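Visitor: Sharing a structure here in structure tokens format.
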Amino acid sequence: MNFERQVPMNITVHYLAQLKQAAGMPSEVIDVPEGCSVHALLKQLMERRAHTLRALVCDSAGLPHPALLVFVGDDQVEPNQVLRDGDHVTVLTPMAGG
Amino acid sequence: MTDVERAMYAWQLDVAGFGEEGQRRLKQASVLVSRCGGVGGHLAAELAMAGVGKIVLAHAGNLRLDDLNRQVLMSHAGLNTPRAPQAAERLRALNPCARVEAVEENVTPENVNRLVENVDAVACCAPLFEERLLLNQEAVRQKKPLVDCAMFELEAQLVTVLPGKTACLACLYPAPPPAWQRRFPVFGAVAGVVGCLGAIELIKLLSGLALPLENQMLLCDLRTLAFRKVILLRRADCPVCGGL
């Protein structure tokens, strides 16, 4: 029997632009299970902040919108990217001119 | 180069790696500026003063009072009159050597081919993603560089698209984001920052002065004055640039 408890990972999420405004904060630290992917993190964020973020980050099927840009550290990543403890994840929706 | 031009550009002619050759290249170059409002207005002004030979301004509609916190080429005297001609007049006043064309249209599927065909590079400064993606698609098809300038509140971002070499806008966002609104919070000074950054990218590209951003996005947070470059993914399956 495995008596080891799964230790959650700490991920720092940085919100930019519209997402920062909607979240009401520039960043927050979130616990996610080991092996968590970017996609799973985004779903967790949508559930955690459903009333503020959902309209900005979801497509019509309720999945993370393809226009969402996600970076781990300074590198843009795909949704299936697996996160590591201590990662800094930056999430932004595109901006335009005016 | 004429004596007047040599005198007018004296300060920038001394920039290392630029000189008369760089100035000559700028004079021979042409740029389409898609919308000459806050971002595009600042960008176009810098290109005109730097000596870019031809600037095409594409912007439909009349000037509104709520444009005037950021649209630096406009004035109160021009309220309720077409934006593009007054922006063009201002650019000609800034530099009579510049050839400036005012097109009183936004970029559309009907005009995008013609607008891009007649220039060497594109500045993408429009507020709507449909326009930006259309311009990106055409610039990639014609293999012309595109500098994308964007802003929101006190943040700005800059991307340079080199077709076949870097990620294009469709790699980054294959569809318009779900909740973008035509009007958004911003200061004119933010438009000025990203417009000037876009202008220097174009000056580098057109003159050969230095390398532009390649597969990178510049993120600027003007609330904290933090500038950061992040690395972009070029998508092999991108419907716009994947085949290049």
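Visitor: Within the group A:D85, A:D74, A:D31, which residue is charged (D, E, K, R) and in contact with a Lys or Arg (Cβ under 9 Å, 6 or more places away or on another chain)?
Guide: The conditions single out A:D74.
Visitor: Quick test of your reading of the structure: B:V107 fulfils all but one of (1) outside any helix (DSSP H, G or I); (2) out of contact with any Leu (no Cβ under 8 Å at 6 or more places or on another chain). Name the failing condition by number.
Guide: Condition (2) is where B:V107 drops out.
Visitor: Residue check: is A:Q76 closer than 18 Å to B:Q157 by Cα and in contact with a helix residue (DSSP H, G or I) (Cβ under 9 Å, 6 or more places away or on another chain)?
Guide: So A:Q76 fits the description; yes.
Visitor: Anything in region B:216-232 that is without any contact (Cβ under 8 Å) to a residue 60 or more places away in the chain, within 12 Å of chain A (Cβ to nearest Cβ) and farther than 19 Å from B:A123 by Cβ? List them, or say none.
Guide: Result: B:T224, B:A226, B:R228, B:K229, B:V230, B:I231.
Visitor: So B:T160 passes all but one of these: (1) of a type outside the set (A, V, I, L, M); (2) crowded, with 22+ Cβ neighbours inside 10 Å; (3) within 12 Å of chain A (Cβ to nearest Cβ). Which condition number does it fail?
Guide: It is condition (3) that B:T160 fails.
Visitor: Let me ask another. If I filter region B:144-155 for residues that are in contact with a helix residue (DSSP H, G or I) (Cβ under 8 Å, 6 or more places away or on another chain), within 12 Å of chain A (Cβ to nearest Cβ) and among the aromatic types (F, W, Y), do I get at least one hit?
Guide: yes
Visitor: Assess whether B:N80 counts as being surrounded by fewer than 18 Cβ atoms within 10 Å (Cβ to Cβ), within 14 Å of chain A (Cβ to nearest Cβ) and either out of contact with any helix residue (DSSP H, G or I) (no Cβ under 6 Å at 6 or more places or on another chain) or not in a helix (DSSP H, G or I) (or both).
Guide: Answer is no for this residue.
Visitor: B:A16 - would you say it is surrounded by fewer than 14 Cβ atoms within 10 Å (Cβ to Cβ), part of a loop (DSSP other than H, G, I, E, B) and modelled with pLDDT of 95 or more?
Guide: For B:A16, the condition - surrounded by fewer than 14 Cβ atoms within 10 Å (Cβ to Cβ), part of a loop (DSSP other than H, G, I, E, B) and modelled with pLDDT of 95 or more - is met.
Visitor: I'm trying to understand the selection: among the residues of region B:26-73, which are more than 26 Å from B:L13 (Cβ to Cβ) and in a helix (DSSP H, G or I)?
Guide: The answer is B:G38, B:V39, B:G40, B:L65, B:D66, B:D67.
Visitor: Give all pairs with beta carbons closer than 9 Å in which a residue from region B:185-213 that is within 14 Å of another protein chain (Cβ to nearest Cβ) meets a residue that is among the aromatic types (F, W, Y); count only pairs at least 6 apart in sequence or on separate chains.
Guide: Matching pairs, first to second residue: B:P185/B:F152; B:V186/B:F152; B:V190/B:F152.
Visitor: Could you go through region A:57-65 and let me know if any residue there is within 13 Å of chain B (Cβ to nearest Cβ), touching an Asp or Glu at 6+ places or on another chain (Cβ under 7 Å) and either part of a loop (DSSP other than H, G, I, E, B) or more than 30 Å from B:N106 (Cα to Cα) (or both).
Guide: Yes, region A:57-65 contains a residue that is within 13 Å of chain B (Cβ to nearest Cβ), touching an Asp or Glu at 6+ places or on another chain (Cβ under 7 Å) and either part of a loop (DSSP other than H, G, I, E, B) or more than 30 Å from B:N106 (Cα to Cα) (or both).
Visitor: Condition first: among the polar types (S, T, N, Q) and within 12 Å of chain B (Cβ to nearest Cβ). Now tell me which residues in region A:66-98 satisfy that.
Guide: Passing the criteria: A:Q76, A:Q81, A:T90, A:T93.
Visitor: Anything in region B:131-170 that is farther than 17 Å from B:V33 by Cα, small (G, A, S) and part of a strand (DSSP E or B)? List them, or say none.
Guide: B:A156 - this is the single residue of region B:131-170 that is farther than 17 Å from B:V33 by Cα, small (G, A, S) and part of a strand (DSSP E or B).
Visitor: I need a count of the residues in region B:116-127 that are closer than 11 Å to B:S34 by Cα and surrounded by fewer than 20 Cβ atoms within 10 Å (Cβ to Cβ).
Guide: Qualifying residue count for the region: 0.
The values are calculated or read from the model by the stated rules, or taken from the named source; none is laboratory data. Quick caveat, the model's predicted, so the values are computed rather than measured. Quick reminder, even Gly has a Cβ in these numbers, built from the backbone with ideal geometry, and neighbours come from all protein chains shown.
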